[in-house]
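Student: Could you have a look at this structure, given as structure tokens, before my questions?
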Amino acid sequence: MDGIERDKGGNLPLAGCRVIERSRTIASAYAGRLLSVMGAEVVMLEPAAGSPLRSAPPLLRSGESALFAYLAAGKRSLVCDPATESGRAVLDQALADAQVLIDDTPVEQRGASGLAPDDIAARFPALVHVSVLPFGASGPKSGWTGEEINLIHASGEGFLLPNGFSQELFPDRPPLKIYGHFAGYQGGAAAALAALSALWAAPESGGQYVDVSVQDAMLLVGAFALQRLGDGSLEHRATRRFRYGGVFKTKDAFIELLTLEQRQWDGLVKLLGDPDWAKEEALQDSLERSRRGDEINTHIRTWMAEHAADDVVRMAQELGVPVGKYYTPEDVVNGAHENARGLFEHIAMADGREAKVLKAPFQFAETPLRLTGGAPALGEMSQGAAP
């Protein structure tokens, strides 16, 4: 146990809900993490050697996985190998008291482990069973494995990155993988929403099986680019950019500027000091501005280079111009806005130290979210361990 008193959920939305999680991948682990912070008791079923995520980089000096510490915060751990007779008994006992099962066991291994959807439905008809796999559990790619980089490219994001200012600065760079585990988190968010939807419907329809594909979740990120295929437009990283606006370098940081509406253009002109070039009558037409985007951006870059990012953001907000600053991780953790909203919370690490982590990417107006502890010790719920 982590030494932090475990709260039973209180008034959180999922208080009293039990989730069983079998996770080898970030997507399924993140789905469990989102349900946990909403008050569910999430129990990880781990092999005797522990989840592979326990050793996933980045690693702290203590050897502990920072990624696992985040994904497993507030959860519990039960050693279980459902491929064995004793493990199957542990699995069935865990599922008997659960409302949700999140599982990323490969399709070909599910039958031998008693985790095939039809088998689960027969034994636990009231259970919400959420499958989370790279390419889903049905269809021609259901048996495919896929890591983060595969899913980034399988969803088209690699075709679209780097774009905009990055493409201008580094036109010869190869396709990029988004930093971190973007696809895994997208898939996990989709799985958590699927679980919530099925739980909401459970009083009328009972349990159900939900098949989540991480690739499908990632395709939604680029939905606009896909929609444009219908009119014959194929977006590419060399052409996918705002005609004017986008990323700019200020004196001390990068900012992003977006002006889609006339009032936002008017505010931008005031922000830039009402320069003579912006007073040209033709530039009152949004289509003409789009055609002359490179010219406009040249003027904007010159102005941005002479001002500090915080000053730009402050002045832009006063004028109704959508501008945001690119923050470093340290800026985010120590940000006045983030701390005023209580986005972070301290959890205990395995070596006794504390770490400040994001509770969730959302808030509830009436019920503050909270983490109920750090990552659990392996098998802390197993027979003979402290409850």
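The values are calculated or read from the model by the stated rules, or taken from the named source; none is laboratory data. As the structure is a prediction and not an experimental result, all values here were calculated from the model. With ideal geometry, Cβ positions are generated from the backbone for all residues, glycine too; neighbour counts draw on all protein chains shown.
Student: Which is surrounded by fewer than 21 Cβ atoms within 10 Å (Cβ to Cβ), more than 18 Å from the chain's Cα centre (by Cα) and among the aliphatic types (A, V, I, L, M), of Ala48, Ala56?
Tutor: The match here is Ala48.
Student: Next up: When you scan segment 230-253, do you find a residue that is in contact (Cβ under 8 Å) with a residue 12 or more places away in the chain, aliphatic (A, V, I, L, M), in contact with a Leu (Cβ under 6 Å, 6 or more places away or on another chain) and not in a loop (DSSP other than H, G, I, E, B), even just one?
Tutor: no
Student: Can I ask one more? Farther than 14 Å from Ala217 by Cα, outside any loop (DSSP other than H, G, I, E, B) and free of Cβ contacts under 8 Å to residues at least 60 places away in the same chain: does that describe Trp144?
Tutor: The answer is no for Trp144.
Residues are listed down the side, and each one gets a yes or a no for (1) crowded, with 21+ Cβ neighbours inside 10 Å; (2) under 24 Å from Pro203 (Cα atoms); (3) at pLDDT 95 or above:
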residue	(1), (2), (3)
Val42	yes, yes, yes
Gly63	no, no, no
Leu78	yes, no, yes
Ser86	no, no, no
Ile102	yes, yes, yes
Val107	no, no, yes
Ala122	no, yes, yes
Leu127	yes, yes, yes
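Student: With the structure loaded, tell me whether Gly143 is buried (at least 18 other Cβ atoms within 10 Å of the Cβ) and either in the same structural domain as Glu46 (by TED's automatic domain parsing) or under 30 Å from Met38 (Cα atoms) (or both) or whether it fails that test.
Tutor: Taking the combined requirement at face value, the residue does not satisfy it.
Yes or no, residue by residue, for (1) among the hydrophobic types (A, V, I, L, M, F, W, C); (2) assigned to a strand (DSSP E or B):
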{"position": "Pro13", "(1), (2)": "no, no"}
{"position": "Met44", "(1), (2)": "yes, yes"}
{"position": "Gly50", "(1), (2)": "no, no"}
{"position": "Tyr70", "(1), (2)": "no, no"}
{"position": "Gly74", "(1), (2)": "no, no"}
{"position": "Leu91", "(1), (2)": "yes, no"}
{"position": "Ala112", "(1), (2)": "yes, no"}
{"position": "Leu115", "(1), (2)": "yes, no"}
{"position": "Asp118", "(1), (2)": "no, no"}
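Student: Could I ask something else about it? Under 8 Å between Cβ atoms, which residue pairs at least 6 apart in sequence (or on different chains) link something in segment 25-39 that is without any contact (Cβ under 8 Å) to a residue 60 or more places away in the chain with a partner that is of a type outside the set (Phe, Trp, Tyr) and crowded, with 24+ Cβ neighbours inside 10 Å?
Tutor: Cβ pairs passing all conditions: none.
Student: Suppose we filter segment 286-316 for residues that are surrounded by 12 or more Cβ atoms within 10 Å (Cβ to Cβ) and in a loop (DSSP other than H, G, I, E, B); how many remain?
Tutor: Result for segment 286-316: 3.
Student: Do you know which residues across segment 93-109 are over 15 Å from Phe124 (Cβ atoms), within 25 Å of the chain's Cα centre (by Cα) and outside any loop (DSSP other than H, G, I, E, B)?
Tutor: Val107
Student: I've got another one for you. Filter segment 317-329 down to the residues that are surrounded by fewer than 13 Cβ atoms within 10 Å (Cβ to Cβ) and modelled with pLDDT of 95 or more and list them by number.
Tutor: Glu318
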